Each structure stands twice: as structure tokens, then as C-alpha cells.
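Data first, discussion second: the structure below is written as C-alpha cells.
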Amino acid sequence: MVETDLYGQIKQKKAAGGFFRMARGGLFLTVAALGLLLDGGAAEARLMKLDYFVLDNGLRVAVAENRKAPVVLQMLYYKTGSVNDPKGKGGTAHLLEHLMFRGTKRVPGQAFNRLTEEHGASGNAYTTYDQTAYYEFSDIAKLELMMALEADRMQGLDISDEAFAAERDIVLQERRQRFETNPVPLFYETLSKLLWQDHPLANPVSGSPSEIRSLTKSDVEDFYRRYYRPDNALLVLAGDISAAEAKDLAQKYFGKLANPAMTIPTPTLEKGRASEVETLMRIEGVQQPRYADSFRMDAGVFSKKDIQALGMLAEYLTGDDSAPLYDELVYRGKQLLGIDVGFSYNPELGGSFGIYATPAPEWLAANGRSTRPAGAIKDLIGKALEKAIADLSPEKLDKIKNRVVSDAVYLQENPRSSANFAGDMLLSGYTAEEIADYDEAIRAVALDDVIAAWKKVTASGGRVTGFLCGREKAEGAAAGNTQGGNNAD
Amino acid sequence: MQIKSGARFLTAALLAAGIAGAAVWAAWHREPAFDAERLLAQSKLKARTFKGEVREVPALNGKISAYLMEEHSVPLAAVTFRFARAGSAYEAKPGTALMAESVLLDGAGAFSRRELREIMKEKGIRLQVSAGADNLIFSLSYVKSFEKDATDILRAVMYAPQLNREDMALARRQLAMIKQQHEENPGRQLAKLVRHEFYGGHPYGREPIPDDETLGAVNAADIRAYLKKVMGKDNLTVGIAGDMDVAEAEAFLSRVFGDLPDKAEVRDLPVFEPDFYREKATEVSPVSAQSFVTAAAQGISRSDKDFYPLYIADYIFGGAGLSSRLSRAIREKEGLTYGIYSTFTFSDAVNLWQAEFSATPENTDKIMAIAAAEYQDFYNNGVSNEELELAKKSLMSSFNLRFGSLLNIADMLEQMQYWRLGKDFLKQRQAQVAAVTAAAVNDAVRRRMPKSFDAAGGVRVFEVRGGLNAPK
């Protein structure tokens, strides 16, 4: 949707919120953002009550009971995303996600949208690298209808040629709205390509415009038949429902669906090459230079404990405006105007650890030689990072752990956050017990674990550092002129 | 898989056999129809009434009050409060409200910047301050056992912000950064076009982030004076939801708001005379391949007696997401945009009815033509009973969703108080929606909405046109 309002109010410049904010849209498993849970010591604190069972056809079901209001969120995840797009057919998973709203044999045409609207459900869907999720937030009295509709479109998709053509156009419009309205997404897309080369994580979830145009109805139907099946899906219900009720209903609506005989294909993962790349992108219209540095995290390398440790490290480094990297480089050093670190990781596919910064114009003018601004910022942040990690003590780590008790409350309070958290964790290999006791796992992470996990990140051998600026800016930076001269207010 | 390829094979064979054969086959092989009504009638899960009660909690000798909804399932409280007419449009010195919003949490009272952040993170206290054009709004949520810390911090932030020179300088630099980023954003360019062309010299026409010099002129004394003036008991509205009973809520109100002056000293907002009858204003974007379009017409107040008929009218025309007439005609049928919608927006100087979309530049005129034709049909022929019933059913069925999160409930309660909807609003709302008739909708549309979807009818259009070639 277009984000404009007639008097252009400014959003909060400092992000609020806790460990559980979800960084959706382009990123996949945000285990880092999920971060940390800890009760300051009380033994009874379970992160969240989560019931879990598996139907005979392999459909996994998780229930997060929340009796506050007579509402429920249904999320149906398929463990498939753009990494499963066939070569040259980028955007298949995403286009399919759109077409899932275009009719089945029993609920033809736009009937799905009409029915969800009529019954007051608020829903949508999204596609990431590794998951495609559909959700409906509705009154509890309407849940059975939502379940029936979701079960129906797991196997009954039936799209007309006209609907296919129109939806492919809409997807192209979406790609344009996201990627062609300003230069920044192109920068990140380029960095991703450099980091992942032939690995499927190199490809954008949306596919490229030419790939999208080349997609046919049978491309999408093939994909649908391969990946949309009970044993490749996860159903999460969060809200005013008990596990027993959920079990009956899941069985009633999803239990009769069968799996196709073929096995679920796994994507081919090219082994990442060891390479360190530094890149400078000049794009017309960029006013604000940006810096990004990402380390490749290969599949199968990082354990759950590593991931928990990295979550704590990220929180320690830039978790708020008094965290060491922010304090050193933004608040006191004034070399940067902002810095953030974060990572995402799927144990079966890999992931990356990123450092993002906005250099201060004065510092850039003095230090950002136009031939190698990325290198200059990399050196600057590298030193501060080394110092911050050296300063990390068990006491400081405990403080980070202690931050978490309250976030568990926020997590339980809102069915949306409970469902998102449960879904992401289950899909990244956690069991329901591990999720319920996630706070204990966090408590068990020691300083050495954090250092060891960070060493693994830096030892991966794949790293891409990028600097984005306007065409006039890079030259201006070299000449010490930091004003782009384009502020014609 | 078998079903699908089988169907394709059969389709080919049946095409040869002729249409009559196909019809027979289809009738024979049709799966049982999907009957939503029957399914719901047989559903085990029945409708349940949300039990939350709204209470009005007076405090400080009745000089202030809050709407409270008790909810004890999690040990969490959420409070949203607003000082009306305290936003940037009312400020004497441009940039004051924005600077206040930016630095209020950078150290307050005895809490250093670092302590404030650490305590908030460790104790699960979340506080946001946001200064819009009209209002200054605080959103606080906290784990109940840390109520004292939460109110200590809130009071420090409201009454004793430190406003250190370094924090102010950093805020200015970061605001300048955001201002620069806005230059890269066609949506922001569109908002700027609207400010210049539509609001002009009115305070709504000012840059949301003033330039360095203007921001530099705002000092700590200005911010203190601003806060002291605009925060009063008489322009305060409060919503509280969560683990608080009436006595606790009353204590909270007395403690947090006891030091406020009875009357805020707010300035008058200059009268704004909107002109919706002017031709489209267009600018070219230096960064975007896509065009962004917004259309604006005279809207209504939230407390208008025609609110529900018009809200439903808008819902049917463009407000209902993918199911609205606009979205069906332009997105679903033609695939011309990723999204198009309309909505009513409220502000102190002017209430608007707006429609927005983004599209490739060569399609915007076509979209506007379809939208105008759809609108004319809507205006001339009105909405059908069927559409109306569908819209009402949808709005009534979704009623309980607002109670999903405490933070949401607190916001809603505050808005009920701000718009003077009364504490019984939630009890009456379903009946108010149910009572709306097609005649009432169509009558309100004729009286209150534009005659046509163009300048002649009072719909003013603004476009930032994609100026780049789309990458391949």
C-alpha cells in the first residue's frame, strides 16, 4: 500500500519494542530478532504455553491458548519459499502465494476473498526465502470457516487463465512498488547476489521482472503440487481455543488431506566460495550514503546455542541507544549517525550476519576516500567491535539475559506475536518443549559461547561490504564537499 | 497432481465432444459445494461475548478521567494518553514539538540516558512519545510488578527531561539524515507536493522536518516552555487497559497527572480553507519508476452524525481492501496496481476523504478513468442492499478483533474519549452499524460526498510521476 499521508507525519526515529519484533519482508527466519528470553531466576517462568501435535498425514499443529478475547489467529505455513524456485523461474513461490487467493474448484474465483471479508476476518499472506505463510485473524465463531477455506486451498487450487495473467501483472506492480520506487532495495539485492553467488539465497523472493514475466500457469501449478501438502505444512492457532478443541478441528478439516507420492524436493545449495568483496555503488538520486557489511553463515555450521549466543551478541552491540557500538561510534565518536547489527539463519539453508551503518557527513568528508569508503567504515567499525567484544563480561551478559523476562509477557499477550514466534521457531527446528523452555537455553549461554559463535561468523570466508551513495556524492566526499546540493525545499 | 492433469486431458477431449458433453461431465464430477453458512451453523465454536467493561475513572477531583478496561490475564498494563492541540501545527517556534519528541527519552530526572534505557529494557517498560501535527501522544506499557519504575520514568520524561546539549545536537543530525532520506522517497515527495499545493501557508504546509537552522534555533528552554504550556488537565484524554483495577487506575492518574496545570495554554490553529476544485498537480520523481497518486476531497468528523453511513459508503467504494469496488475493478480485474484504497482521515484543520495508489506511469490515467467511472456509478446509483448487508456483516463480524491486544485496547479507549463517543460506545457500536440502511448511505453520499471524481466534483488529485525507466 502507498504510505503517504497528507501532512506527512514523521514516524518515531528510534525504534521501540522488544526482542520479539519480527523483521519480515525479505528476511527469513529471524531467530536473531526473536532473541532472548530470561526470567531473572524464578524457576516457574515458561516462555509460553504451547501445545503441539502431528496429524496422521504429517501436518504439524501448534496451539497457543490465549483466553483474553474471543478471537483467534490461524497461520498456515508451508515450508517452501523462493529457495525452491526453479532456476530461471524466480518468483514462482511468490506468484503462487498470490494465486492462492484466486480460486479453487470448490471455492471458485474471488469467493475466498469474499467469504473472509464477509465474516470479518483480517488476513493476508507472505513469502520469504524459506516459508510461505497464510493467515486469518478472526472471531472465534468464524474459525471453522477459516480452517475449511485454508484446508480447501491446500490442494484444490484452480485458476483461470485470465486470473493468472492479471495476478502476474499485480506481482510485477508489487515488485515495482517495492524495488523501483527508490534506489536502496537495489543496493541490498546486489549485496545479496555478491554474497551468495550461485546459492539460491542470492535470488530475490520476488524474482526479477523478466523472470516474473516468463512464468506460466503450469510453472506455478507444478510448484504447488510439489510443495503444498500436509507433511510440508505447519498450522498454528493462537487465541481463544484449547488444544483439545484445536485437535478435533484440525483433524476434521485437514486430517483427510493426503500427501502426493512424490518426495518433497530439497533445493541444491551451492557451496559458498570463500571471498571478501568490497563494493561501491553510485546510484542517481541517493541522498543519504549507506554502509552494509554481511558475513555469510553457511548451512549446518551453526548450532542452536550458536544462534542464541549471536542473538545475545546483537542485543549487546546495538540493542538500544546506549549499547556499546552505538555509544562509541554514534553518541561519543560522532563518526556515524546510526548503526545496527542483526542476523538471520536457517540451519538447512544458511544465513548471514549484517552490520548496517549510516556515516556522518563530516566524518565521511574527512575519511571516506571516494575510492574505498566501504573499507574506511569497515576499519572504523571493526575496531569498535573488537573493543566491545573484549569488554563483554559475564556480568554484562547476565544483564542482557535479564532484559528478557518482560518480553515474554508481551509475547504471550498478543496472539499475533505468539503465533509468529511459535511458527518461526518450529520451522527452524525447535521442538515445542524447547520453545517453552527457551529462557532456560538462553540462561545457559556463557561468554565463551558468544565469543565462539562470533568467531564462526568471521571464519566463514564469505563477506561482502558495500557502500551506497549518489553519483555526485562520492566525488563530493573526495573533495570534502558533503552537501549534495539538491535540497531544493 | 492426478486430478489436475486428468482434468486437463479431459478438458481437451471434451472440447472435441462439444459443450453439452462438458456440461454433463462438470455436473457429474462436481465436488460437494462449499457451503459456508451450513458449515458455520454446524460449527462447534460458537460466538462468545467479549466481557471487557469500559469504566470511566475520574481523578484529581474530577478534573481528569480515563477510560479503563480491566483485563487480568497477563500482568501487563497499557496506557495511551494524548494532549490535544499540542502538535507541531500549533507551535510558536517551528521544530519544537519535533525536537521534544526526539530527545525526551534521552535522559530525564535522575535517570541518565543510559540508565533510562537499561531500566526500560530490563523491566519491560515501553514508552513512546509522538508529536504529530495536532497532538502530543504518549504510549506506555509495562509489566505490572514494575509499575513504580514505569511511573517514575514517565513523570521524569514529562516533567524533567534533561535536554542535554549533546543529545539535542545528535537529534538534529539524525533528523537531518531522515530529511535526506525523505528526498529519496517518492511517497514523501507526494506528501511534500500536497503540502505546497494544498496547504500552502497554513501550518500543515510546513516541512515536517525543518532545516538545520530552524532546528538549531530550538533550545532546551523552548522545549521546557512548550511542554509546560501544552500539557494540561483540560486537553488530556487517557485510555488504560490491562492488569489495573479502578483504584489502581485512579492512583496512577493522580500520580502521573497531578502536577499538570488545570488549563493548557494552547494557541489557535489558523483556519484552513481547503480548495478541492483545482486541477491535478504533478511532479516528476528523480528516483522512482513508479507513479504515486493521491486524491483528496472534503471528509467528515469522527463525531459527525453521518459517520456510519459514510463509513460504510467508503468501505464499499474503496475502504474494504481487496473486496472494495475500486480494488475489484482496478486490481483484481485489470491488474493495474498492487493496491488502491480510500479512507476518511481526521485532523484539526480539515477532515479529508482520500484515495491512493501506486502504478506504472503509463497506467495512472487509465486507473483514474476507471476510478471516476466506478465513482459515478456509486454516486448516481448508490449501493445495493446486498452490498450493504455484506459490508455490515463484515464490520460486525470483525468487531472483536480490536480486543486482541491490550496495547490496541488502550489506544481504542483513548480515542473513544478523545472523540467523545462515550464509555458505552462499544455496547452501542454493533447496533449503530446494524441500523444503517441503503437509503441512509445513499442519502449521505449525495449530501456529503463529491458529485464526481474529478476537480469539477471537488476531488483534487496529486501525482508524483515515475521519472525513471523501469529496470529490466
*Are any residues in the stretch B:202-242 under 22 Å from residue B:137 (Cβ atoms) and in a loop (DSSP other than H, G, I, E, B), and if so, which ones?*
B:202, B:206, B:207, B:208, B:209, B:210, B:218, B:231, B:232
*Would it be correct to say that residue B:375 is modelled with pLDDT of 95 or more, more than 23 Å from the chain's Cα centre (by Cα) and surrounded by 18 or more Cβ atoms within 10 Å (Cβ to Cβ)?*
yes
*Which residue pairs have Cβ atoms closer than 8 Å, lie 6 or more positions apart in sequence or on different chains, and pair a first residue in the stretch B:379-396 that is more than 9 Å from every other protein chain (Cβ to nearest Cβ) with a second residue that is basic (Lys, Arg) and open to solvent by 60 Å² or more (accessible area, probe 1.4 Å)?*
B:379/B:446; B:379/B:451
*asked:* Being under 30 Å from residue A:83 (Cβ atoms), open to solvent by 10 Å² or more (accessible area, probe 1.4 Å) and either touching a helix residue (DSSP H, G or I) at 6+ places or on another chain (Cβ under 6 Å) or assigned to a helix (DSSP H, G or I) (or both) narrows it down to one residue among A:348, A:362, A:395, A:315; which is it?
replied: A:315
*Taking residue B:85 as meeting all but one of (1) charged (D, E, K, R); (2) open to solvent by less than 30 Å² (accessible area, probe 1.4 Å); (3) at pLDDT 95 or above, write down the number of the exception.*
(2)
*residue B:409 fails exactly one of the following numbered conditions: (1) within 19 Å of the chain's Cα centre (by Cα); (2) within 10 Å of another protein chain (Cβ to nearest Cβ); (3) surrounded by fewer than 20 Cβ atoms within 10 Å (Cβ to Cβ). What is the number of that condition?*
(3)
*asked:* Looking only at residues that are among the basic types (Lys, Arg) and within 8 Å of chain A (Cβ to nearest Cβ) in the stretch B:97-149, which one is surrounded by the fewest Cβ atoms within 10 Å (Cβ to Cβ)?
replied: B:114
*Among the residues of the stretch B:237-252, which ones are of a type outside the set (Val, Ile, Thr) and open to solvent by 20 Å² or more (accessible area, probe 1.4 Å)?*
B:243, B:245, B:247, B:248, B:250, B:251
*Among (1) away from chain B (no Cβ under 14 Å); (2) open to solvent by 30 Å² or more (accessible area, probe 1.4 Å); (3) outside any loop (DSSP other than H, G, I, E, B); (4) at pLDDT below 95, the one test that residue A:386 misses*: (4)
*asked:* Among the residues of the stretch B:391-400, are any more than 28 Å from residue B:54 (Cβ to Cβ), part of a helix (DSSP H, G or I) and among the small types (Gly, Ala, Ser)?
replied: no
*Out of (1) more than 30 Å from residue B:167 (Cβ to Cβ); (2) at pLDDT 95 or above; (3) buried (at least 23 other Cβ atoms within 10 Å of the Cβ), what's the single condition that is false for residue A:308?*
(2)
_For the stretch B:191-209, check the following and say yes or no: at least one residue is within 30 Å of residue B:125 (Cα to Cα) and in contact with a helix residue (DSSP H, G or I) (Cβ under 6 Å, 6 or more places away or on another chain)._
yes
_Filtered residue count, the stretch A:252-291, keeping only those that are within 10 Å of chain B (Cβ to nearest Cβ), assigned to a loop (DSSP other than H, G, I, E, B) and open to solvent by 90 Å² or more (accessible area, probe 1.4 Å)_ = 2
*Those residues that are facing chain A (nearest Cβ under 7 Å), open to solvent by 10 Å² or more (accessible area, probe 1.4 Å) and not β-branched (Val, Ile, Thr), I need them from the stretch B:175-185; list them, please.*
B:177, B:180, B:181, B:183, B:185
*What residue, of A:422, A:477, A:453, is crowded, with 16+ Cβ neighbours inside 10 Å, part of a helix (DSSP H, G or I) and at pLDDT 95 or above?*
A:453
_Lone unmet requirement of (1) touching a Ser or Thr at 6+ places or on another chain (Cβ under 6 Å); (2) open to solvent by less than 20 Å² (accessible area, probe 1.4 Å); (3) away from chain A (no Cβ under 14 Å) for residue B:255_ = (2)
*Quickly run through the stretch A:121-130 and pick out the residues that are buried (at least 20 other Cβ atoms within 10 Å of the Cβ) and either of a type in the set (Val, Ile, Thr) or touching a strand residue (DSSP E or B) at 6+ places or on another chain (Cβ under 6 Å) (or both).*
A:121, A:123, A:127, A:128, A:130
*Which one of these does residue B:188 not meet: (1) touching a strand residue (DSSP E or B) at 6+ places or on another chain (Cβ under 6 Å); (2) open to solvent by 20 Å² or more (accessible area, probe 1.4 Å); (3) not aromatic (Phe, Trp, Tyr)?*
(1)
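To keep it simple, each residue is scored yes or no on (1) at the interface with another protein chain (Cβ under 9 Å from one of its Cβ atoms); (2) more than 26 Å from residue B:272 (Cα to Cα).
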residue: B:187; (1), (2): yes, no
residue: B:191; (1), (2): yes, no
residue: B:194; (1), (2): yes, no
residue: B:200; (1), (2): no, no
residue: B:205; (1), (2): yes, no
residue: B:208; (1), (2): yes, no
residue: B:212; (1), (2): no, yes
residue: B:215; (1), (2): no, no
residue: B:220; (1), (2): no, yes
*Return the only residue of A:407, A:398 being free of Cβ contacts under 8 Å to residues at least 12 places away in the same chain and within 14 Å of chain B (Cβ to nearest Cβ).*
A:398
*State all residues of the stretch B:275-316 that are open to solvent by less than 20 Å² (accessible area, probe 1.4 Å) and in a loop (DSSP other than H, G, I, E, B); if no residue qualifies, say none.*
B:276, B:287, B:288, B:289, B:290, B:299, B:300, B:306
*asked:* Please return the ranges of helices (runs of 4 or more DSSP H) entirely within the stretch A:180-251 where 3 or more residues are open to solvent by less than 30 Å² (accessible area, probe 1.4 Å).
replied: A:184-196, A:217-227
*asked:* Show me the strands (runs of 3 or more DSSP E) entirely contained within the stretch A:40-120 in which 3 or more residues are surrounded by 23 or more Cβ atoms within 10 Å (Cβ to Cβ).
replied: A:60-65, A:71-78
*residue B:441 being in a helix (DSSP H, G or I) and open to solvent by less than 60 Å² (accessible area, probe 1.4 Å)*: yes
*Any chance the stretch B:317-338 includes a residue that's part of a loop (DSSP other than H, G, I, E, B), more than 8 Å from chain A (Cβ to nearest Cβ) and open to solvent by 30 Å² or more (accessible area, probe 1.4 Å)?*
no
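The values are calculated or read from the model by the stated rules, or taken from the named source; none is laboratory data. Keep in mind it's a predicted model, so treat the numbers as computed, not measured. Because the Cβ atoms are built from the backbone with ideal geometry, glycine has one as well, and the counts that use them run over all protein chains shown. The accessibility values were calculated without ligands, DNA or RNA, using every heavy atom of the protein model including side chains. Shrake-Rupley method; radii C 1.70, N 1.55, O 1.52, S 1.80 Å.
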